[in-house]
Amino acid sequence: MDYKKLQNGSDIRGVALEGIAGQSVNLTEEVTRNIARGFALWLIKKTGKHNLRVAVGRDSRLSGPALSGWLCEEMAKCGLSVTDFSMASTPAMFMATVTEGYRFDGTVMITASHLPFNRNGFKFFTENGGLESADIKEILAYAAGTQQTGLPAGTVEAGEFMDTYASILANKIRAATGEEKPLAGFRIVLDAGNGAGGFYADKVLKPLGANTDGSRYLDPDGSFPNHIPNPEDKEAMESIMEAVRETNADLGIIFDTDVDRAGAVLSDGSELNRNRIIAMLSAILLREHPGTTIVTDSITSTGLADFIAEKGGVHHRFKRGYRNVINESIRLNNQGQDSQLAIETSGHGAFKENYFLDDGAYIVTKLLIELARGKKAGYTLQSLISSLAEPKESVEFRMNILLDDFKAYGQSVIDELTAYAATQPGWSVAPSNFEGIRVNLDKEHGDGWFLLRLSLHDPLLPLNIESNSAGGAKIIAAELATFIEKCDKLDAEKFLSFAK
């Protein structure tokens, strides 16, 4: 077993169930137990302690109970005191390391986010936050070896944390609004997609007075029979939009499987995701923290940058990857530049006020506070982003690199395109770009921009194109096609077809 292949950035992910052709199970019992031992060894080294307490949680995936059982049993064999939380959310598992009365030395969340039913994986936390890529590499190195802790066996007991976590969120809304039931009179519908997020309806919304009738798919079911729990998925967003329309709801909420991402639908039926949810949260935070810096991933729109500047903030466009934007925001704060929010267009959002934890439920909690405040003050959520200029067209192409050494080839394409862009009329390479190449094009040449970057983990060159004019994306694609069609190790058939 090559354990290194299980690493996915700062997570571990693999195949846990049969059922999809060509995907063999690699999160076996033996592998899972070795990873548990690896985490135990890593945590002992990291903390210098031997009387360690850890907790394990899981989302609704079908393989979760078995993986959890193996993890808990093996970590106990390694001398740790283990608490099994059963169903939980990823953000809650971090909160269990910092919440008074719990304060576990480490926690493990069993999840593979929005990936298909047969996949699963592990996220790890200490009180300092989620582990970094280098930490995962070390855990997997321990897993591949034979080293033991040498400690006497620990114990496994059942525990519960989601009630406590939900109370933290509900009490934050109460404190911010000064009311016991600030959501009374509101109809708020939730689509949990049969993931782990159904708790939010019964344990947060209802206790605050909200009518949640019309909510969908709150019961956990790891076969995901209705749609993939993913705010970026078209079918999932159509589901929550339909729920809002059918019930005339004041707000619709959607979570991904493990609740570290969120999207929403406003009362007028419009989606609140990608650039729009970043704009909404920026507007809220810039009122609370004038001049703060909002760190986003690389594919945010020009209109969002203008919106943040209009509100008096600083937009710092960085790299894709939720750990990348979080770490960049932390870095800016450490340098003395206030940055209250790190957020990806995928819905991963982390607030300085909340441990820089990417927490979909916390994002929604901020929106609900604003919803309640707006009712009192006579404004709506929609009004907060009324000046956001949105692109007329937005498309993405993911072009496979047909080489084993894909990183070197991908970087060479980006370097050559950078040189090529400097020679093209109407093109201007965007300054302060941290990932790939971003080029702005004037009105004559498509009235927008494109970004070509190298995928973080896969042999892909993703290409994003946005235009402020109808038909502009095709014009931009046609101009770029002259360069792309010469890249013979790039599978660009779909893009070139669009560009014709």
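Here are a few things to note about the model shown:
- In the range 116-143, the residues that are touching a residue at least 12 places away in the same chain (Cβ under 8 Å), surrounded by fewer than 16 Cβ atoms within 10 Å (Cβ to Cβ) and among the aliphatic types (A, V, I, L, M): Ala141
- Residue check, Glu232 open to solvent by 10 Å² or more (accessible area, probe 1.4 Å) and touching a Gly at 6+ places or on another chain (Cβ under 9 Å): yes
- Selected residue (criterion: most open to solvent (accessible area, probe 1.4 Å)) from residues of the range 152-203 that are among the polar types (S, T, N, Q) and under 30 Å from Ala76 (Cβ atoms): Thr155
- The selection criterion, being at pLDDT 95 or above and within 23 Å of Glu160 (Cα to Cα), holds for Ser60.
- Candidate set: the range 92-115, residues that are surrounded by fewer than 19 Cβ atoms within 10 Å (Cβ to Cβ) and of a type in the set (A, V, I, L, M, F, W, C); chosen: the one nearest to Ile168 (Cα to Cα): Val98
- Filter result (of a type in the set (Val, Ile, Thr) and within 30 Å of the chain's Cα centre (by Cα)) within the range 463-497: Ile465, Ile476
- From the options Leu368, Leu286, residue that is among the aliphatic types (A, V, I, L, M) and in contact with a Gly (Cβ under 8 Å, 6 or more places away or on another chain): Leu286
- Strands (runs of 3 or more DSSP E) fully within the range 388-491 counting 1 or more residues that are open to solvent by 20 Å² or more (accessible area, probe 1.4 Å) and of a type in the set (Gly, Ala, Ser): 393-401, 427-429
- Residue under evaluation Gln340, criteria (1) in contact (Cβ under 8 Å) with a residue 40 or more places away in the chain; (2) open to solvent by less than 10 Å² (accessible area, probe 1.4 Å), criterion not met: (2)
- When the residues of the range 204-225 are filtered to those that are open to solvent by 60 Å² or more (accessible area, probe 1.4 Å) and free of Cβ contacts under 8 Å to residues at least 40 places away in the same chain, the one that is nearest to Arg187 (Cα to Cα) is Asp213.
- Lone qualifier among Leu205, Leu281 - being within 30 Å of Gln337 (Cβ to Cβ) and hydrophobic (A, V, I, L, M, F, W, C): Leu281
- Odd one out for Lys137, checked against (1) within 21 Å of Arg323 (Cβ to Cβ); (2) under 17 Å from the mean Cα position of the chain (by Cα): (2)
- Test result for His316, more than 28 Å from Thr99 (Cα to Cα) and over 14 Å from the mean Cα position of the chain (by Cα): yes
- Checking each residue in the range 13-29 for being in contact (Cβ under 8 Å) with a residue 60 or more places away in the chain, within 19 Å of Phe224 (Cα to Cα) and not in a strand (DSSP E or B) picks out Ala16, Leu17, Glu18, Gly19, Ile20, Gln23.
- Filtered residues of the range 347-363 (kept if surrounded by fewer than 23 Cβ atoms within 10 Å (Cβ to Cβ) and not in a helix (DSSP H, G or I)): Phe351, Tyr355, Phe356, Leu357
- Residue within the range 441-449 that is aromatic (Phe, Trp, Tyr) and either at pLDDT below 95 or in contact with a helix residue (DSSP H, G or I) (Cβ under 6 Å, 6 or more places away or on another chain) (or both) present: no
- In summary, Asp256 fulfils each of the numbered conditions (1) closer than 22 Å to Ala92 by Cα; (2) in contact with a strand residue (DSSP E or B) (Cβ under 7 Å, 6 or more places away or on another chain); (3) among the acidic types (Asp, Glu) with the single exception of condition (2).
- So Val82, is it farther than 26 Å from Arg261 by Cα, open to solvent by less than 50 Å² (accessible area, probe 1.4 Å) and not in a helix (DSSP H, G or I): yes
- Some residue of the range 393-403 being in contact with an Asp or Glu (Cβ under 7 Å, 6 or more places away or on another chain) and polar (S, T, N, Q): yes
- Selection within the range 374-387 - part of a loop (DSSP other than H, G, I, E, B), among the polar types (S, T, N, Q) and in contact (Cβ under 8 Å) with a residue 12 or more places away in the chain: Thr380, Ser387
The values are calculated or read from the model by the stated rules, or taken from the named source; none is laboratory data. Computed from a predicted structure; not experimentally measured. For neighbour counting, all protein chains shown are included, and Cβ atoms are generated from backbone atoms with ideal geometry for every residue, glycine included. For the accessible areas, the whole protein counts, side chains as well, though only heavy atoms, and no ligand, DNA or RNA atoms are used. Shrake-Rupley method; radii C 1.70, N 1.55, O 1.52, S 1.80 Å.
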